[in-house]
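The next block holds one structure in the form of structure tokens; read it before the comments.
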Amino acid sequence: MGFRLTPQDTSFFSLFATSAGLLVDATRELTRFLEVEPSGRSAIAQRLRDLEHAADDSTHEVLKKVNSSFITPFDREDIHALAASLDDCMDLIEETADLIVLYHIGDLPTGLTQQFEILARMAEVTAEAMPRLRSLKDLSSYWIEINRLENQADELHRAMVAELFNNATDAVYVIKLKGIIDGFEDAADAFEKVAHVVEGIAVKES
């Protein structure tokens, strides 16, 4: 890492940890969609909206700090990219979960259970990695695991879409459910984007 003339503002790391922790909370709420009747899903969607608002606040705080800090832990562009990619994960989870309510989906396909499990694991691994940004050590296992999980998510997505097209007969239902399946796959892609940003920072600052 390059020589720094003045102390860094370490509060960035706490904010990134907060954002990642909110993603863990969000993926736990996702699993509750599988545990309640359709009538109970609106309350879960509201909790996800609350988490999304909290994540927005954390992101805005990061951006405010970037603009007001003379010295940052790493390049400002990388801080912006990491904050934005964490926020994208939350946005996609919240927006896609809301579609389950808005589209009045009844029984959820079994593949969603696996999608939620993958997203939950991605959130946990991401949250575990954020404190290691301080030292930028022992991070390679993080992006390797995220890449493995994203490949798993890709395979599951293809299988779910194929099953939907092969077996569903209601065209409107197909359109609705594919939007949901695609949205959660986009969330998995967003977690991989976070890992790519972290890997780029680690390479640049090493």
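The values are calculated or read from the model by the stated rules, or taken from the named source; none is laboratory data. Predicted model only: the values in this text are computed from it and were never measured. In this analysis, Cβ positions are derived from the backbone assuming ideal geometry, glycine residues included, and neighbour counts consider all displayed protein chains.
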Exercise. Has the stretch 126-147 got at least one residue that is among the aliphatic types (A, V, I, L, M), free of Cβ contacts under 8 Å to residues at least 40 places away in the same chain, surrounded by 16 or more Cβ atoms within 10 Å (Cβ to Cβ) and closer than 23 Å to Ile201 by Cβ?
Worked result: no
Exercise. Can you find even one residue in the stretch 85-98 that is among the polar types (S, T, N, Q), touching a residue at least 24 places away in the same chain (Cβ under 8 Å) and either under 14 Å from Ala188 (Cβ atoms) or outside any loop (DSSP other than H, G, I, E, B) (or both)?
Worked result: yes
Problem set entry | Among the candidates Phe70, Phe116, residue that is over 17 Å from the mean Cα position of the chain (by Cα) and either part of a loop (DSSP other than H, G, I, E, B) or more than 19 Å from Ser14 (Cα to Cα) (or both) | Phe70
Exercise. Within the set of pairs 6 or more residues apart or between chains, which connect a residue that is free of Cβ contacts under 8 Å to residues at least 60 places away in the same chain inside the stretch 41-69 to a residue that is part of a helix (DSSP H, G or I) and of a type in the set (Ser, Thr, Tyr) with Cβ atoms less than 8 Å apart?
Worked result: Ala55/Ser19; Ser58/Thr18; Ser58/Ser19; Thr59/Ser19; Val62/Ser19; Lys65/Ser11
Seminar exercise, completed: Subset of the stretch 64-82, residues surrounded by 15 or more Cβ atoms within 10 Å (Cβ to Cβ) and either modelled with pLDDT of 95 or more or of a type outside the set (Phe, Trp, Tyr) (or both), comes to Lys65, Val66, Ser69, Thr72, Pro73, Asp78, Ile79, His80, Ala81, Leu82
For this session: From (1) surrounded by 16 or more Cβ atoms within 10 Å (Cβ to Cβ); (2) in contact (Cβ under 8 Å) with a residue 60 or more places away in the chain; (3) within 30 Å of Glu77 (Cα to Cα); (4) of a type outside the set (Phe, Trp, Tyr), pick out the condition that doesn't hold for Leu112.
Result: (3)
For this session: List every residue pair whose Cβ atoms sit under 8 Å apart, with the two residues 6 or more apart in sequence or on different chains, where the first one lies in the stretch 157-178 and is without any contact (Cβ under 8 Å) to a residue 12 or more places away in the chain and at negative phi and the second, anywhere, is in a helix (DSSP H, G or I) and not aromatic (Phe, Trp, Tyr).
Result: Phe165/Val174; Ala168/Val174; Ala168/Leu177; Val174/Leu164
Seminar exercise, completed: Of (1) in contact with a Ser or Thr (Cβ under 8 Å, 6 or more places away or on another chain); (2) surrounded by fewer than 20 Cβ atoms within 10 Å (Cβ to Cβ), Ser19 fails just (2)
